[in-house]
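The values are calculated or read from the model by the stated rules, or taken from the named source; none is laboratory data. Every value quoted in this text rests on a predicted model; they were computed, and no experiment measured them. No Cβ is skipped: glycine too gets one built from the backbone with ideal geometry, and neighbour counts run over all protein chains shown. Please note that ligands, DNA and RNA were not included when accessible areas were found on the heavy atoms of the full protein model with its side chains. Shrake-Rupley method; radii C 1.70, N 1.55, O 1.52, S 1.80 Å.
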Amino acid sequence: MSGRRLAAPRGSRIDRERTLSFLWNGRPYTGLQGDTLASALVANGVQLVGRSFKYHRPRGIFSCGLEEPTAIVDLIDGRHRTPNARATVVELAEGMVAESVNCWPSVGFDLGAVNGWFAPLLPAGFYYKTFKWPNWHLFEPMVRRMAGLGRASLEADDDRYEEVCAEADVVVAGGGIAGLSAAVAAAQAGAGTILITAGTATGGALGWRDDGELDALAAKAAQAGVRILTRSVAFGVYDHNLLCATERLTGGPRGPRGVLRERLWKIRARSIVSAQGSFERPMLFTDNDRPGVMLAGAADEYAHAYGVACGRRAVIAANSDSAYQVAASLGAAGVEIVALLDRRAHADIGAHVDGVRVLPNTGIDKVLGTSAVRGCVAVAADGHGSRPERFDCDLILSAGGHAPAVHLHSQAGGRLRWLADGAMFVPDGAAPGIVSVGGCAGVFSRDTAVAHALDVGRALALGFTVPSATPCGAGRSLASTRIADARGKQFVDLQNDVAAGDVGLAALENYRSVEHLKRYTTTGMATDQGKTSNVNALVLMGELTGREPAEVGTTKFRPPFVPASLGALVGRRVGRLYRPLKHLPAAEWHAAHGALYEQFGNWNRPAAYPVGGETLHAAAQREARTVRRSLGVFDGSPLGKLEVWGPDAAEFLDLMYVGTMSNLARGQARYGLLLNENGIVVDDGIVARLDDHHFWVNTTSAGVERTASAFEEWLQCEYTNLRVFVTPVTSRYGNVTLSGPKSWEVMAAVGFDAGLSPGSMKHMTMRESALGDVPLRVLRASFTGELSYEINLPVDATTAVLDRLWTAAAAAGGALYGIEALEILRTEKGYIHIGTDTDGTTLPGDIGFGRAIGAKTANFVGRRSLLRPAALDPQRFQLVALSPADGRTQLPTGAQIAASDPPTTPEGHVTSSFWSPELGAPVALGMLARGSSRLGERIRVHHLGERIDAIVVKAPFIDPAGSRLHG
Amino acid sequence: MMQIPCILCGRRDESEFVCGGASHLLRPPLEASDQQWGDYLFFRDNPKGVHLERWRHAQGCGRWFNVARHTVTHEILSVYAITEPAPR
Ligand SMILES: [Zn+2]
């Protein structure tokens, strides 16, 4: 418990007058306005904040920013949880409730820590090996329980998220001094500029310091009209200069429900400036994961920005000149610097600090203490020289050098080069559309960074050549931060628990490519994306395989740079807006008449109209029976409707459909199958000729968009000489269908034109007519096998006409019927439903259209494919009608047909199956190998271990002569 | 997400378009051999470099047009009408 709050004036970000209470792992604490959850925990002396992913080792707070690998917490708000938040970037708020992750039963007493004893069982490549041998399922329960960090909420998130699209000439990712400079210069030169900054204000890494130049730049930015997005992080660069960022609008416990919580920005920019600074590279030494070991710069920021000391006595393990600034700065804040152990030789050290004992060429051999640092033992870094020396301390600061945040540059396709002096990867030139400035370009000298960024901003605004960056100011660092002959666990990736030994094992097992290294060891694959581990892992792999880091290379950085919440990515596309449903024009009328609505494709349609507590099944049986006995009224408005116009319309439709349409007389209609180029049946429908150059095309309800698109593609791309227009009119016409022997009787009673009577209007014809002043297109076609009228009418007139027809139909003993009854009726007739009875392998010959094809002389889409050997295979599945042998067991839809018990090769399956109210027996359709030649054969249907014998019968089940069609 | 310049509407986000695959495929006649027909149906070049392909501005004007796109950088080198020959 060595962290503590320092006295004023330390703490530029906190307001000492405003105390905030919060709960951490069930215990009450207080912090100050301006604290992060991490700084408040440190101020309260909380050091142990979590357990590690694989070994469940105790872990503390490691950083002070978005690179945090270990202080991963769940934020809890009643039943809602936000998992995997980084405590270092969570703004503390009154009443906040937060918990450790990966700890069971508690962070202090963790049963999973026994995994440490089983560490040899969890080597690098553990997943690879367990997937291979002996059987992943043996390990799965254990791995699943241990894997994952936080716990997701089981409740729907009722906060809101939104997406904003914006355009900019220049967008700058990062609000530090370099980013600000570039933004100011761009805006002053006339560019529309957006600046994205993670903090509550601009300033970046220097933001907590009292800095006149930064203040002046911020004022200039405001004056020049730079649009500044605070609390925002640019997480991804996508094709054609699309930069995506998330903006956090509310922090901490969410207070009122339904607030706007995050905003996703999609910014299309002419130029992107990456100014995301750099991360500090940690040192590798044994037990470098103990709570109390942290990044040196982070401890400095905690002290000055939050007025929090992370310890009383610190040892600094260094490989960078930056350690000396931290030593001086922390010393001034009241933290005793016991020693500065510099991994580098004297000649490489370019800085000094007064009053601190500096030991060059020295590293940490071991850390003392398990759940908190109690001290360390230092040895000569090269393994020679002086005796080990022990230091008592409660804080070990790691200053391994700089790791420029090259992520956006790399995402955009930019290459990297290795700077041996600074031991860092920097951008190798600019990637298309994106320029790096400041720390992420390797420019660490403040004046140079500002001058370069100003030049870049101006050049981007004015279209001049962009000046290249000259990395400088980082001093010298060694590639390797390890001491020779280090033993024990030196953690490379703290979040995924990858130690130096795992990298060694990967090298030994020849997983040496950087891509293999990453996946084999899982280095850099945790939610921190390896911000503090990637460089050390590469350097180590190079050391072990005798290569320079430049030769090892890096993996390509991929979005997101920081975790993005799913809510932000999804935005408003949730609930009803996830997949908006289409509604019938007479939707309310149906609801008022007892419709039981269900979702069919993207339509909300009546499945049935149950009365008096009927089940769906009972209602559908009654409705189907009524259609056959008297009549039914059906809303067919979703039926796909296209109008095809033009002098070449007939020729075009011949090309599109298996059926011939060009020889239709005016007013005649014909059934057609639509194939794709592979010959597969993709839709069916009815084509009616309204005039010489004008056709009405009905498609399936689900297939209309697909069919209209296919028509357009053929017309625009292949048959470009045809003069044809296709107009989709599905939403312009309602469709009320009457079916049953009394259909015409009811229509006549309502006042429909006598010219529509079955005597004067034949089956498969279409007439233009009118009911009063409502124009109609009436089609006599039937999907039930009964006399049917499909009445197409202006969508606004649908409800009124439906109501009139229903009033008359009800008086005649009719019923409203839904999709369920329609399915029964069409199955009784053996009519197929595309996509139910057919699938992505079905050819027209498989469903009985072989002869129609033979008769057609013209070419049509898919025809050539019907001549391929596979299409002519006699073993193909063909449509059959099926009856259970016992006359009463309904065959389960989807059940496989096979001669012997499974496991075996099926010879077909059941596609549609219903109880026929008319026959008082089950009816079914199915696909069966050689089906058309197996009439009368007994086949065997298998379902969940049961066998049902069935007979291949002749379709249709009802009215084989088809006389009912004519009324 | 790319931005694609529709030949009628100008630059729009990729999400407004559908891609129809390679352009300038020659559709063999009905008399073609199984081999030729199979090649036409299933075999496509997959170049690292410029690819000529057709896109439809499905959520816009509905027009199909040709796009010359670099498959590595996604740079769009030109767009041209569907009836125009392949650029050299
Ligand atoms: Zn367009």
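Listed values, structure above:
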| read-out | value |
| --- | --- |
| Positions within the range A:458-472 being touching a Leu at 6+ places or on another chain (Cβ under 7 Å) and over 13 Å from A:Ser271 (Cβ atoms), in sequence order | A:Pro471 |
| Residue check for A:Arg10: modelled with pLDDT under 95 and open to solvent by less than 20 Å² (accessible area, probe 1.4 Å) | no |
| Conditions (1) modelled with pLDDT under 90; (2) in a helix (DSSP H, G or I); (3) farther than 30 Å from A:Pro83 by Cα: number failed by A:Arg519 | (3) |
| Residues satisfying the stated conditions in the range B:59-88, i.e. free of Cβ contacts under 8 Å to residues at least 40 places away in the same chain, of a type in the set (A, V, I, L, M) and assigned to a loop (DSSP other than H, G, I, E, B) | B:Val72 |
| Hey, A:Pro610 under 15 Å from A:Leu816 (Cα atoms) and open to solvent by 10 Å² or more (accessible area, probe 1.4 Å) or not | yes |
| A:Val774 surrounded by fewer than 21 Cβ atoms within 10 Å (Cβ to Cβ), in contact with a Pro (Cβ under 6 Å, 6 or more places away or on another chain) and at pLDDT 95 or above | no |
| Top-ranked residue of the range B:1-13 - restricted to ones that are more than 8 Å from the ligand (Cβ to nearest atom) and part of a loop (DSSP other than H, G, I, E, B), ranked as most open to solvent (accessible area, probe 1.4 Å) | B:Met1 |
| Qualifying position, being in contact (Cβ under 8 Å) with a residue 60 or more places away in the chain, in a loop (DSSP other than H, G, I, E, B) and open to solvent by 40 Å² or more (accessible area, probe 1.4 Å), among A:Pro563, A:Pro580 | A:Pro563 |
| Filter pass, A:Arg888 being of a type in the set (D, E, K, R), more than 40 Å from the chain's Cα centre (by Cα) and within 30 Å of B:Ala32 (Cβ to Cβ) | no |
| Counted residues, the range B:46-58 - those being part of a loop (DSSP other than H, G, I, E, B), within 12 Å of another protein chain (Cβ to nearest Cβ) and not hydrophobic (A, V, I, L, M, F, W, C) | 1 |
| Search result, residues across the range A:660-702 that are within 43 Å of the chain's Cα centre (by Cα) and part of a loop (DSSP other than H, G, I, E, B) | A:Asn676, A:Glu677, A:Asn678, A:Gly679, A:Ile680, A:Thr700, A:Ser701, A:Ala702 |
| Members of the range B:14-26 that are surrounded by fewer than 17 Cβ atoms within 10 Å (Cβ to Cβ) and within 19 Å of B:Thr73 (Cβ to Cβ) | B:Cys19, B:Ala22 |
| Residue ID - farthest from A:Phe53 (Cα to Cα), chosen from residues in the range A:75-89 that are outside any strand (DSSP E or B) and touching a helix residue (DSSP H, G or I) at 6+ places or on another chain (Cβ under 9 Å) | A:Val89 |
| Qualifying residue in the range A:252-272 (condition: free of Cβ contacts under 8 Å to residues at least 40 places away in the same chain, open to solvent by 30 Å² or more (accessible area, probe 1.4 Å), of a type outside the set (Asp, Glu) and outside any helix (DSSP H, G or I)) | yes |
| Failed criterion for A:Arg851 (all others in (1) outside any loop (DSSP other than H, G, I, E, B); (2) open to solvent by less than 50 Å² (accessible area, probe 1.4 Å); (3) not hydroxyl-bearing (Ser, Thr, Tyr) hold) | (2) |
| Residues being without any contact (Cβ under 8 Å) to a residue 60 or more places away in the chain, more than 16 Å from the ligand (Cβ to nearest atom) and under 30 Å from A:Tyr238 (Cβ atoms) - total across the range B:19-28 | 3 |
| Residue satisfying condition, being in contact (Cβ under 8 Å) with a residue 12 or more places away in the chain, farther than 23 Å from A:Trp418 by Cα and polar (S, T, N, Q), within set A:Asn496, A:Asn534 | A:Asn496 |
| Lone qualifier among B:Glu84, B:Glu16 - being more than 9 Å from chain A (Cβ to nearest Cβ) and away from the ligand (no atom under 16 Å from the Cβ) | B:Glu84 |
| Long-range neighbours under 7 Å by Cβ, at least six apart or interchain, first residue within 27 Å of A:Glu543 (Cβ to Cβ) within the range A:464-480, second among the aromatic types (Phe, Trp, Tyr) and open to solvent by less than 60 Å² (accessible area, probe 1.4 Å) | A:Cys472/A:Phe444; A:Gly473/A:Phe444; A:Ala474/A:Phe444 |
| Qualifying residue in the range B:29-44 (condition: away from the ligand (no atom under 16 Å from the Cβ), modelled with pLDDT of 95 or more, under 21 Å from B:Val72 (Cα atoms) and open to solvent by 60 Å² or more (accessible area, probe 1.4 Å)) | yes |
| Residue in the range A:618-630 that is surrounded by fewer than 22 Cβ atoms within 10 Å (Cβ to Cβ), modelled with pLDDT of 95 or more and within 42 Å of the chain's Cα centre (by Cα) present | yes |
| Tally, over the range B:59-73, of residues that are open to solvent by 50 Å² or more (accessible area, probe 1.4 Å) and facing chain A (nearest Cβ under 9 Å) | 3 |
| Condition check for A:Leu66: open to solvent by 30 Å² or more (accessible area, probe 1.4 Å), touching a residue at least 60 places away in the same chain (Cβ under 8 Å) and aliphatic (A, V, I, L, M) | yes |
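Let's see how each residue does on (1) assigned to a strand (DSSP E or B); (2) surrounded by 13 or more Cβ atoms within 10 Å (Cβ to Cβ):
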{"residue": "A:Ala821", "(1), (2)": "no, yes"}
{"residue": "A:Leu825", "(1), (2)": "no, yes"}
{"residue": "A:Gly830", "(1), (2)": "no, yes"}
{"residue": "A:Thr842", "(1), (2)": "no, yes"}
{"residue": "A:Asn859", "(1), (2)": "no, no"}
{"residue": "A:Pro874", "(1), (2)": "no, no"}
{"residue": "A:Leu879", "(1), (2)": "yes, yes"}
{"residue": "A:Ser900", "(1), (2)": "no, no"}
{"residue": "A:Thr904", "(1), (2)": "no, no"}
